[in-house]
Amino acid sequence: MRQFKWIDWNLQKIDAHGLSAAEVESAFDRVLSLHERKDGSFQMFATPPSGRRIWAIWRYDRGGR
């Protein structure tokens, strides 16, 4: 089961693009492309239920917190 860990900076960034955390989280169910970047993060092109296509940069929380 996915668990998202949001920080204020991320929430402000997605809000500036007219998105909500729920929309971004739901986009993980409709991934169009996914690439691992050199820094260990991931770049994802996906579609939330609204039909918008979005880019999201994310990383796994390996700390398990």
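The values are calculated or read from the model by the stated rules, or taken from the named source; none is laboratory data. If you're wondering where the values come from, they're calculated on a predicted model, not measured in any experiment. Here Cβ is always computed from backbone atoms with ideal geometry, including for glycine, and neighbour counts include all displayed protein chains. Each accessible area value is taken on the protein alone, full model and side chains, heavy atoms only, with ligands, DNA and RNA left out. Shrake-Rupley method; radii C 1.70, N 1.55, O 1.52, S 1.80 Å.
Go through the range 51-64 and count every residue that is surrounded by 13 or more Cβ atoms within 10 Å (Cβ to Cβ) and closer than 17 Å to G18 by Cβ.
Here the count works out to 3.
When only residues in the range 5-46 that are open to solvent by 70 Å² or more (accessible area, probe 1.4 Å) and of a type in the set (F, W, Y) count, which is farthest from W58 (Cα to Cα)?
Top of the filtered list is W9.
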